[in-house]
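Trainee: Below is a structure I'd like to ask you about.
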Amino acid sequence: MTRYLISFPSAAMDVPAGAIQDVADAAHAVIREARAAGVYIFSGGLDEDAGPVLVAVDGKAVEGAYPETARLSGGFTIVDVPSREAALAWAARIAAACRCPQEVRAFRSDPLA
């Protein structure tokens, strides 16, 4: 089994204010289905009100992020599935529920972890 990150940036969601609850309900239904199928690992949305903190190798923390990730936002789901095709199928269900395209990336396995 391989774990996949399924994600989207906040800007991808163009949902009218009156439809937000419908989107949340549909997304939660997909998560319940993923749990029932035994593939669900974790999901959530980044807290965009709490800025990132970059921690250096010496342990010092400074407000901010790597320049290329400064705009990281949105939501994500991690699934553990037997194939890329299975991950794409779950991404399609999440895309339909959230009404926006989803990006899919595989995690590398660390045999020592």
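Trainee: Can you pull out the residues in the range 73-113 that are closer than 18 Å to Gly38 by Cβ and among the polar types (S, T, N, Q)?
Mentor: Answer for the range 73-113, where residues must be closer than 18 Å to Gly38 by Cβ and among the polar types (S, T, N, Q): Thr77, Ser83.
Trainee: Is there any pair with a first residue in the range 9-34 that is over 17 Å from Pro101 (Cα atoms) and a second that is surrounded by fewer than 12 Cβ atoms within 10 Å (Cβ to Cβ) whose Cβ atoms are under 9 Å apart and which are 6 or more apart or on different chains, and what are they?
Mentor: As it stands, the answer is none, since no pair meets every condition given.
Trainee: Mind listing whichever residues of the range 12-32 are farther than 17 Å from Val79 by Cα and either polar (S, T, N, Q) or in contact with a Ser or Thr (Cβ under 7 Å, 6 or more places away or on another chain) (or both)? Before the answer, list the steps.
Mentor: Pass one, the range 12-32, residues farther than 17 Å from Val79 by Cα: 12-26.
Across the range 12-32, the qualifying residue is only Gln21.
Trainee: A further question follows. Scanning for something surrounded by fewer than 10 Cβ atoms within 10 Å (Cβ to Cβ), closer than 23 Å to Ala106 by Cβ and modelled with pLDDT under 95, does the range 39-46 turn up at least one residue?
Mentor: Residues of the range 39-46 surrounded by fewer than 10 Cβ atoms within 10 Å (Cβ to Cβ): 44.
Then drop every residue that is not closer than 23 Å to Ala106 by Cβ, which leaves 44.
Add one more test, that the residue is modelled with pLDDT under 95, and what stays is 44.
Yes, some residue in the range 39-46 is surrounded by fewer than 10 Cβ atoms within 10 Å (Cβ to Cβ), closer than 23 Å to Ala106 by Cβ and modelled with pLDDT under 95.
Trainee: Let me spell it out: the conditions are (1) surrounded by 10 or more Cβ atoms within 10 Å (Cβ to Cβ); (2) of a type in the set (A, V, I, L, M); (3) over 13 Å from the mean Cα position of the chain (by Cα); (4) not in a helix (DSSP H, G or I), and Ala113 meets all of them except one. Which number is the exception?
Mentor: Going through (1) surrounded by 10 or more Cβ atoms within 10 Å (Cβ to Cβ); (2) of a type in the set (A, V, I, L, M); (3) over 13 Å from the mean Cα position of the chain (by Cα); (4) not in a helix (DSSP H, G or I) one by one, Ala113 breaks only (1).
Trainee: Report every pair of residues separated by at least 6 positions or lying on different chains whose Cβ atoms are under 8 Å apart, first residue within the range 94-107 and of a type outside the set (D, E, K, R), second assigned to a loop (DSSP other than H, G, I, E, B) and buried (at least 20 other Cβ atoms within 10 Å of the Cβ).
Mentor: Pairs found: Ile94/Gln102; Ala95/Gln102.
The values are calculated or read from the model by the stated rules, or taken from the named source; none is laboratory data. Predicted model, so just to flag it, every value in this text is computed and none were measured. Using ideal geometry, Cβ is built from the backbone for each residue, glycine included, and neighbour counts are taken over all protein chains shown.
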